[in-house]
Amino acid sequence: MRRRRPMAPLTGDVRRELRRKVAREAAWLLYTGQAHEYKMAKEMAAEALGARVLPSNLEVALELDRLADELEGPERAERLILMRKEALEVMKALRPFWPKLIGSVWRGMAHRGSDIDIEVFCDEPGEVEKALRKAGYRVIRSEVVEKQEGDRLIAYYHIYLAMPSGHEVEVVVRPAEERYKERKCEIFGDALRGLNIEELEEVLREEPLRKFLPMR
């Protein structure tokens with residue numbers, strides 16, 4: 001019986017192209033809601049393509065950004081500016097709690113279906129929710145969400161708002177002591193800095209479509 005010859009290792013160019021294809025497929029799965037986390041999307045994409053290589057989260061995020069540009073056209077830029085303006089108004093209502101804009105709206109990579117992510121720092125989540133209601137925002141729900149951060153399981157209070165535009169805002173209440181804590185972005189691998197009120201005002205005034213991406 002004739003033995004099969006072992007498969008030759010992939011060359012650098014072939015491996016890079018395969019990674020790009022897996023990243024593109026993973027981006028499509030995320031964009032269409034067939035996967036909700038990067039790890040799941042990459043594994044599903046690799047299996048669908050019969051590939052053994054996995055792209056980085058950053059590679060998938062950049063493909064997702066390109067895909068959204070292709071599918072959404074000029075309205076995507078208009079939506080980003082609107083979402084940043086909406087974020088600013090919510091943050092002003094939360095000024096006593098040191099609000100920061102994070103997530104895809106901060107990064108400048110929001111697409112259709114993205115929400116607006118804001119984090120605040122307060123030891124009394126009820127005070128944050130009270131401030132939002134007093135400012136006239138419609139709170140659609142609130143909940144405690146557990147999240148794995150390193151080797152710790154941490155619970156944070158999440159408040160969800162429905163904006164007149166149809167966009168959803170998610171406000172995460174973190175303990176006040178975490179205000180100066182440095183955190184690493186799970187997707188991009190860089191520092192999770194975000195924008196405070198003054199920084200967001202400057203972005204909207206000077207460069208409303210600016211993207212905040214790590215140096216490659």
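The values are calculated or read from the model by the stated rules, or taken from the named source; none is laboratory data. All figures in this text were calculated on a predicted structure; none of them were measured in a lab. All Cβ positions, even for glycine, are placed from backbone atoms using ideal geometry, and neighbour counts span all protein chains on display.
Brief remarks on what is shown
- Residue within region 85-98 that is in contact with a strand residue (DSSP E or B) (Cβ under 8 Å, 6 or more places away or on another chain), crowded, with 17+ Cβ neighbours inside 10 Å and of a type in the set (D, E, K, R) present: yes
- Filter result for Glu186 (in a strand (DSSP E or B), touching a residue at least 12 places away in the same chain (Cβ under 8 Å), assigned by TED's automatic domain parsing to the domain that holds Ala131 and not aromatic (Phe, Trp, Tyr)): no
- Close contacts from region 17-32, counting a first residue that is crowded, with 22+ Cβ neighbours inside 10 Å and a second that is among the basic types (Lys, Arg), with Cβ to Cβ under 7 Å and a gap of 6+ residues or different chains, come to Val22/Lys42; Ala26/Lys42.
- Qualifying residue in region 34-47 (condition: in contact with a Leu (Cβ under 9 Å, 6 or more places away or on another chain), among the acidic types (Asp, Glu) and in contact (Cβ under 8 Å) with a residue 40 or more places away in the chain): no
- Test set (1) surrounded by 10 or more Cβ atoms within 10 Å (Cβ to Cβ); (2) out of contact with any helix residue (DSSP H, G or I) (no Cβ under 7 Å at 6 or more places or on another chain); (3) over 28 Å from Ser56 (Cα atoms) - Leu204 fails condition number: (2)
- For region 175-190, the set of residues classified as small (Gly, Ala, Ser) and at pLDDT below 90 consists of Gly189 only.
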